[in-house]
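Presented below is the structure to which this report refers.
What follows is calculated from the coordinates using simple rules that are stated; it is not laboratory data. Because the structure is a prediction, the values reported are computed rather than measured. Cβ: placed from backbone, ideal geometry, glycine included. Neighbour counts: every protein chain shown.
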Amino acid sequence: MRLLVVEDELKSGDYLKQGLGEAGFQVSLARNGLDGHHLAMTENFDLIILDIMLPDVDGWRILQSLRENQSNTPVLFLTARDSVEDRVKGLELGADDYLVKPFAFAELLARVRTLLRRGISPKQTEKLSIANLHLDLLSRNVLRDDKKIVLTQKEFALLELLIRRQGEVLPRSLIASQVWDMNFDSDTNVIDVAIRRLRAKIDDNFEPKLIHTIRGMGYKLEVEGD
Ligand code: CA
């Protein structure tokens with residue numbers, strides 16, 4: 001699941017990005033309102049965490065633009081000011097929930113999960129599948145042939161990416177940026193190692209084989225012979 005965090009305070013931003021990343025989300029962090037506004041309007045997120053007090057384009061504006069564009073992406077806003085007017089304004093503008101700073105990370109995580117559960121309409125995907133492999137994005141369960149498979153967070157993120165883009169050859173550079181949030185350095189074999197581990201878990205003891213190496217290009221998830 002992809003989250004956007006818009007937060008100008010360096011420490012809070014890093015903290016949110018790291019914590020949510022460790023909780024298994026793919027997090028994009030915008031450190032100012034302008035970038036946050038741009039990302040919110042141009043990319044798809046499952047949820048947006050929005051700081052209200054931003055130096056340039058404030059959280060209200062971002063929220064307003066989103067709703068004016070018929071975007072239903074759930075928005076959780078963060079406010080330092082615990083005034084009734086702020087909360088009312090946020091909710092009137094179409095925020096789904098709010099949290100007053102400072103907050104406990106556990107509470108933020110609980111709110112995020114609740115909003116994601118609520119925000120999922122039947123059209124959106126909560127479960128991803130290919131052949132007899134099933135991923136549940138909320139419970140984070142992975143089943144192959146009805147057997148439960150335990151993946152690390154990175155393996156889960158890697159599999160989620162592969163399954164969302166099944167049939168496409170994904171270059172290592174794309175996998176590196178999407179799953180590891182890093183630029184691909186051809187000296188590192190981190191991706192190949194991760195693929196090998198993932199294969200051992202989801203492919204080695206099952207048929208049909210799903211992960212395919214495309215030499216010199218990258219990896220592809222596909223039912224053989226499709
Ligand atoms: Ca702020």
- Select from the range 29-52 the residues that are over 16 Å from D14 (Cα atoms), among the hydrophobic types (A, V, I, L, M, F, W, C) and either in contact (Cβ under 8 Å) with a residue 60 or more places away in the chain or away from the ligand (no atom under 14 Å from the Cβ) (or both) and list them in ascending order. L39, A40, M41, F45, L47
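Looking at V57, is it within 19 Å of A95 (Cα to Cα), under 19 Å from the mean Cα position of the chain (by Cα) and within 16 Å of the ligand (Cβ to nearest atom)?
When the stated conditions are applied, V57 does not pass them.
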- Do we have any residue at all in the range 109-118 that's in contact with a strand residue (DSSP E or B) (Cβ under 7 Å, 6 or more places away or on another chain), in a loop (DSSP other than H, G, I, E, B) and either without any contact (Cβ under 8 Å) to a residue 60 or more places away in the chain or surrounded by fewer than 18 Cβ atoms within 10 Å (Cβ to Cβ) (or both)? no
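Only strands (runs of 3 or more DSSP E) wholly contained in the range 1-67 count here; list those with 3 or more residues that are within 26 Å of L162 (Cβ to Cβ). It would help to see each step written out before you state the result.
Working: elements: 2-6, 26-30, 47-51.
Of the strands (runs of 3 or more DSSP E) lying wholly inside the range 1-67, those with at least 3 residues that are within 26 Å of L162 (Cβ to Cβ) span 2-6, 26-30.
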- Note on the structure: Residue count, the range 60-86, condition in contact with a helix residue (DSSP H, G or I) (Cβ under 7 Å, 6 or more places away or on another chain), more than 16 Å from the ligand (Cβ to nearest atom) and in contact (Cβ under 8 Å) with a residue 40 or more places away in the chain, comes to 2
- Task: Just one of (1) within 17 Å of the chain's Cα centre (by Cα); (2) in a helix (DSSP H, G or I) trips up L128, so point out which.
- Result: (2)
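For the range 1-27, give me each residue that is over 20 Å from R67 (Cα atoms) and away from the ligand (no atom under 16 Å from the Cβ).
Initially, the range 1-27 is screened for residues over 20 Å from R67 (Cα atoms), giving 1, 8-27.
Of everything in the range 1-27, those that are over 20 Å from R67 (Cα atoms) and away from the ligand (no atom under 16 Å from the Cβ) turn out to be M1, Q18, G19, L20, G21, E22, A23, G24, F25, Q26, V27.
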- Can you name every residue in the range 91-107 that is out of contact with any Gly (no Cβ under 8 Å at 6 or more places or on another chain), surrounded by 14 or more Cβ atoms within 10 Å (Cβ to Cβ) and not in a strand (DSSP E or B)? L93, G94, A95, K101
